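The values are calculated or read from the model by the stated rules, or taken from the named source; none is laboratory data. Small disclaimer: the values here were computed from a predicted structure and weren't measured. Reconstructed Cβ throughout: ideal geometry from the backbone, glycine too, with neighbour counts over all protein chains shown.
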Amino acid sequence: MHREKMNGTKSHGAFRAAAVLGLLTVLTLGVARAAPVHGIALHGQPKYGADFSHFDYVNPAAPKGGEARFAAIGSFDTFNPFNIKGEKAADIGQLFETLMTASADEPFSEYGLIAESVEVPEDRSSVTFTLRPQAKFHDGSSITADDVLFSFAILKSKGTPFYRMYYASIAKAEKLSERQVRFSFVPGENRELPLIMGQMPVLSKKYWENRDFAATTLEVPPGSGPYRVERFEAGRFIVYRRDDQYWGKDLPVNRGRYNIDRLRYDYYRDGTVALEAFKAGAYDLRVENIAKNWATGYNFPALEKGLVKKEIFAHGMPSGMQGFVFNLRRPLFQDARVREALAYAFDFEWSNRNLFFDQYTRTRSYFDNSDLAARGLPSAEELVVLEPLRKALPERLFTSEYQPPVAGDEAQLRANMARALHLLQDAGWVFRDRKLVNAQTGEPFRFELLIDEPTWERIALPFARNLERLGIEMRVRSVDSAQYENRLRDFDFDMVAKTWGQSLSPGNEQRDFWSSAAAEQPGSSNLAGLKNPAVDQLIDQLIAAPDRASLTTRARALDRALQWQFLVIPHWHISYARIAFWDIFAYPASVPLQGVQLDTWWIDPARQAALAARKSSGS
């Protein structure tokens with residue numbers, strides 16, 4: 001998901017992840033199936049049969065070896081990625097395997113990982129997992145049903161609020177044998193639940209049961225994944241080493257993946273420093289999230305001489321939503337007319353032309369770049385969903401297509417400003433002494449945009465100047481990454497820049513994004529603080545969608561409801577990843593639906609030797 005912001009190279013978060021953007025999707029088995037199966041899918045059967053040997057987008061003969069270096073921004077103080085405290089070490093989540101794993105070339109399918117098989121009854125009221133006997137933690141202990149049940153209980157009770165929302169429909173968890181567990185679901189349609197439980201990370205009960213799971217820790221917990229922490233220095237670097245004894249290395253879902261022996265992350269103060277370090281050869285690969293950098297930041301001799309490559313990799317995933325987010329918990333932003341008005345002061349066209357080198361498309365939907373995005377007026381199928389909720393939804397949802405304001409030139413911007421001022425006056429704001437003030441209290445209209453990266457300033461300051469023309473003062477405040485995360489967890493901000501990633505099969509995670517319950521839960525993703533009963537019902541209906549057609553209809557209905565709430569000032573998106581890397585890597589020819597999978601890349605010994613020789617010769 002693109003952000004015009006430097007987060008450092010996502011690398012092995014892409015090395016493991018991109019398989020799941022946000023942990024999302026929906027289950028339909030197509031036919032009744034109670035017997036154990038190797039995988040489950042959205043609508044019908046999974047692409048890969050029980051006898052598959054590897055995913056199509058990997059090179060099963062990829063050589064193992066080498067070290068790859070990446071950048072991270074800020075610092076870290078914990079190896080527990082599952083609670084809300086502290087700053088997580090880069091890519092620490094890769095230590096912990098899940099019951100099942102997703103393929104990247106399907107909208108959503110999962111195949112057995114820790115679980116060798118899965119059973120789902122015809123009524124989809126439960127899911128049963130049978131664990132592989134060879135599955136082990138890094139301390140050599142076997143993964144058992146007790147570990148699975150412990151993981152579920154501890155994540156739901158002491159993990160981030162996401163898990164409480166995600167597991168809200170699990171009625172019962174029970175041990176059937178040492179290697180078999182069953183999760184039973186609350187009544188009602190929720191076809192995603194078997195896959196949700198397949199995504200659950202399995203933690204060591206023996207290790208965690210006598211430790212404070214809610215605390216930060218720099219003691220490395222035993223995981224069960226393909227890498228272990230080899231060494232680290234808190235806040236400065238961390239090195240992961242591929243485990244030659246990894247129990248799952250020969251599974252079909254892992255063949256051709258996790259090819260690099262060592263993954264090193266060095267921490268940098270900010271993105272500008274990190275880019276210069278890359279150009280100096282201090283690390284090997286970066287996913288570029290800033291258009292200006294991509295256009296002009298790599299004009300250096302190593303690129304000109306072919307020592308560094310710049311490549312783009314297209315994908316078929318929804319863009320999600322990135323934007324300036326209003327905190328509706330603040331009285332200043334509780335009037336939708338105010339939120340709508342401020343959007344007229346953001347000139348995307350100017351920013352795209354002058355800051356982004358025309359690389360971006362304006363975002364208007366929470367599911368752009370997919371068939372889930374709402375377009376035009378509601379269809380007949382959407383109206384069936386929306387009409388019963390009409391009283392709790394803006395009337396314009398039924399009569400107009402949402403579009404963010406367009407400027408493009410000074411004349412249009414002036415017209416936008418006039419429209420904004422009209423909306424603000426309707427909401428009770430007036431001009432006095434060149435300042436916008438509340439007509440009743442005389443309080444000036446001022447607020448703070450909280451950022452954690454200097455790169456946001458070049459985007460925010462032109463926005464602030466436009467707001468100043470309306471008599472509004474927007475202060476741009478930059479804080480360090482730790483303070484930023486703490487303030488977001490506590491909803492202690494007026495406005496922030498935020499991205500919500502989306503999958504091709506949205507479902508239960510939408511509760512964490514938009515539900516009324518999540519609005520009051522510190523650490524949730526409902527940063528806007530939205531509380532709307534119609535949106536709550538639309539989320540429930542989306543989760544209960546029985547097939548792809550109804551899921552698409554209900555996603556579009558939810559999209560419309562979110563658009564007309566004016567929760568964000570939408571930003572921009574691209575439908576590809578931008579990656580710069582020193583010429584030591586090779587990768588499969590095929591890029592799957594969900595985009596480039598860095599965990600399928602490998603280090604090419606010949607290229608690495610050639611690069612080293614050219615560097616040493618001074619060329």
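Take the residues in segment 593-619 that are among the hydrophobic types (A, V, I, L, M, F, W, C) and assigned to a loop (DSSP other than H, G, I, E, B), then tell me which one is farthest from R255 (Cα to Cα). The selected residue is L593. Here A153 meets the list (1) out of contact with any helix residue (DSSP H, G or I) (no Cβ under 9 Å at 6 or more places or on another chain); (2) buried (at least 20 other Cβ atoms within 10 Å of the Cβ); (3) not in a strand (DSSP E or B) almost entirely, failing just condition (2).
Across segment 242-257, the qualifying residues are those that are over 14 Å from E230 (Cβ atoms) and in contact with a strand residue (DSSP E or B) (Cβ under 6 Å, 6 or more places away or on another chain), and the one among them that is surrounded by the most Cβ atoms within 10 Å (Cβ to Cβ) is V253. For F463, the test of being within 27 Å of E349 (Cα to Cα) and touching a residue at least 40 places away in the same chain (Cβ under 8 Å) is passed. When segment 233-269 is filtered for residues that are touching a Phe, Trp or Tyr at 6+ places or on another chain (Cβ under 6 Å) and in a strand (DSSP E or B), the ones remaining, listed by number, are I238, Y240, R242, L263, Y265, D266. Could you list, in sequence order, the residues of segment 271-292 that are touching a Ser or Thr at 6+ places or on another chain (Cβ under 8 Å) and at pLDDT below 95? G271, T272, I290, listed by residue number. Under the condition of being in contact with an Asp or Glu (Cβ under 9 Å, 6 or more places away or on another chain) and outside any helix (DSSP H, G or I), the residues counted in segment 538-563 number 3.
Rundown of residues vs (1) part of a strand (DSSP E or B); (2) among the β-branched types (V, I, T); (3) buried (at least 17 other Cβ atoms within 10 Å of the Cβ), yes/no style:
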residue	(1), (2), (3)
R419	no, no, no
H422	no, no, no
F447	yes, no, yes
L450	yes, no, yes
Q483	no, no, no
R487	no, no, no
D492	no, no, no
L504	no, no, yes
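Annotation note: of E288, E230, the sole residue that is of a type in the set (D, E, K, R), out of contact with any Leu (no Cβ under 9 Å at 6 or more places or on another chain) and either surrounded by 15 or more Cβ atoms within 10 Å (Cβ to Cβ) or free of Cβ contacts under 8 Å to residues at least 40 places away in the same chain (or both) is E230. R286 meets all of the listed conditions (1) out of contact with any helix residue (DSSP H, G or I) (no Cβ under 7 Å at 6 or more places or on another chain); (2) assigned to a strand (DSSP E or B) but one, namely (1). If we keep just the residues of segment 263-283 that are of a type in the set (K, R) and within 25 Å of the chain's Cα centre (by Cα), which is surrounded by the fewest Cβ atoms within 10 Å (Cβ to Cβ)? So, considering only residues that are of a type in the set (K, R) and within 25 Å of the chain's Cα centre (by Cα), the one surrounded by the fewest Cβ atoms within 10 Å (Cβ to Cβ) is R269. Just one of the numbered conditions (1) in a helix (DSSP H, G or I); (2) over 20 Å from the mean Cα position of the chain (by Cα); (3) at pLDDT below 95 is not true of R164: (2).
Put simply, of K175, K206 the only residue that is over 28 Å from the mean Cα position of the chain (by Cα) and free of Cβ contacts under 8 Å to residues at least 40 places away in the same chain is K175.
Do we find that A545 is buried (at least 23 other Cβ atoms within 10 Å of the Cβ) and among the small types (G, A, S) in this structure?
Working: buried (at least 23 other Cβ atoms within 10 Å of the Cβ): yes; among the small types (G, A, S): yes.
Answer is yes for this residue.
Residue count for segment 461-476 under the criterion of being part of a strand (DSSP E or B) and buried (at least 16 other Cβ atoms within 10 Å of the Cβ): the result is 2. Of the residues making up segment 195-208, none is modelled with pLDDT of 95 or more, part of a loop (DSSP other than H, G, I, E, B) and farther than 13 Å from F96 by Cα.
One line per residue, one yes/no per condition, for (1) of a type in the set (S, T, N, Q); (2) part of a helix (DSSP H, G or I); (3) surrounded by 12 or more Cβ atoms within 10 Å (Cβ to Cβ):
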{"position": "A374", "(1), (2), (3)": "no, no, yes"}
{"position": "E381", "(1), (2), (3)": "no, yes, yes"}
{"position": "V384", "(1), (2), (3)": "no, yes, yes"}
{"position": "E401", "(1), (2), (3)": "no, no, yes"}
{"position": "P404", "(1), (2), (3)": "no, no, yes"}
{"position": "A407", "(1), (2), (3)": "no, no, yes"}
{"position": "A411", "(1), (2), (3)": "no, yes, no"}
{"position": "A415", "(1), (2), (3)": "no, yes, yes"}
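On the basis of being closer than 28 Å to S575 by Cβ, surrounded by fewer than 16 Cβ atoms within 10 Å (Cβ to Cβ) and in contact (Cβ under 8 Å) with a residue 24 or more places away in the chain, does R458 make the cut? Taking the combined requirement at face value, the residue satisfies it. Go through (1) at pLDDT 95 or above; (2) farther than 22 Å from T101 by Cα; (3) touching a Phe, Trp or Tyr at 6+ places or on another chain (Cβ under 8 Å); (4) not polar (S, T, N, Q) one by one and return the number of the condition R211 breaks. Unmet condition: (3).
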